[in-house]
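Encoded as structure tokens, the structure appears first; notes follow it.
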Amino acid sequence: MLPQDSAGAVELEEPGLPLTDDAPPGASEEPAAAEAAGAPDSGRCWLCLSSRCCSRTEPAKKKAPCPGLGLFYALLSAFCFSVSSLLVKKVQDVHAVEISAFRCVLQMLIVLPCLIYRKTGFIGPKSHRIFLILRGVLGSTSMMLIYYAFQTMALADATVITFSSPVFTSIFAWICLKEKYSPWDALFTMFTIAGVTLIVRPPFLFGSNTSGIEESYSVHLKGTFAAIGHAVFAALTLVILRKMGKSVDYFLTIWYYVVLGLVETVIILFILGEWSLPYCGLDRLFLIFIALFGLGAQIFITKALQIEKAGPVAIMKTMDVVFAFIFQIIFFNNVPTWWTVGGAVCVVASNVGAAVRKWYQSSK
């Protein structure tokens, strides 16, 4: 998963992780390019044109990536996402929608030069514009919902619920893309539902036990629905990205995400009347770092998927939960309850099981 804001293919948001492993672009183009450039054949020297020469050297080989580098990138992505979540939790005087608006503005300033440099345009192929618009609207809505969840719930609880996104992705891919939904997927779905139930703790099952809940149970429930809504919209975003495939530039999908997200957040803030600059200079600094760490999480997960299989990356991404537990204890002095720990075990086990199964299938 990718809470995923999948960067990235991820937003992440992160929107999630791809389920197939593709060779990096250009991997098979180098020999043809060398031949077209007039490079000598393997048996002749380019200086004296003889078949063998002492000055002949072996052609340089492409340096292989450092072992484990992809997993390290995935770990950095998990850390960046967790820090961004922590900062959202710390900025309590700014509405979640306004935080989303600031992030859209800052990321727009970063993505704009990239689009100009890559000369991809700002609209995209006509046949994919409807998907780009849906990706932008659903992705930005997902971002607002998770920010609201972080502000109204314990950090660990909200983070664990975001990991239910792969379950919804499997269901939507089965419905929309006709992908196979196996009994294993159904089993992982049940594990995820059990984990979320342990975190929500509905009164008709658990009575009036509200230990470990930061706010009132009604506020906790609103945050839960927001976190589940984030997981649903993130899953839909990933399905749309799969539908478009590689025919649309990655930066263009982010461009739609930030532009439509800014429009959507401004409209909502106008309706709510919540638009206001934070009074504290530290909060303003936090807003900048939320955008930077959020973008960093997208970049690192994309880099990880370029050089490592999706299965191990998905497993490493579960470190989001570990970081969330650590940050909640250190910065908020709030030790997660055993209910949260049990829910985290169920949800993480579901994600790891699904990742291992798809990894095994792709390696056959």
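The values are calculated or read from the model by the stated rules, or taken from the named source; none is laboratory data. Keep in mind that what you see is a predicted model, and the values were worked out from it rather than measured. FYI the Cβ positions are ideal-geometry reconstructions off the backbone, even for glycines, and counts take in every protein chain you see. With ligands, DNA and RNA removed, areas are computed over all heavy atoms of the protein, side chains included. Shrake-Rupley method; radii C 1.70, N 1.55, O 1.52, S 1.80 Å.
Tabulated data
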{"item": "Percent accessible area from carbon and sulfur atoms, region 69-362, protein chains only, probe 1.4 Å", "result": "73"}
{"item": "Cβ-derived FRET efficiency at R0 30 Å, Ile123 paired with Ile175, nearest 0.05", "result": "0.55"}
{"item": "For region 69-362, accessible area per residue (1.4 Å probe, heavy atoms of protein chains only), Å²", "result": "45"}
{"item": "Relative packing of peptides 156-166, 256-266 - highest average C-beta neighbours within 10 Å first", "result": "156-166, 256-266"}
{"item": "Asn333-Val105 pseudo-label distance in nm [points 7 Å out on the Cα-to-Cβ vector]", "result": "3.5"}
{"item": "Cβ crowding within 10 Å averaged over residues, with 355-363, 223-231 ranked highest first", "result": "223-231, 355-363"}
{"item": "Over region 69-362, equivalent-ellipsoid semi-axes from the Cα gyration tensor in Å", "result": "28, 25, 18"}
{"item": "Total formal charge among the other residues, if their Cβ is under 10 angstrom from that of Ala173, Lys/Arg +1 and Asp/Glu -1", "result": "+2"}
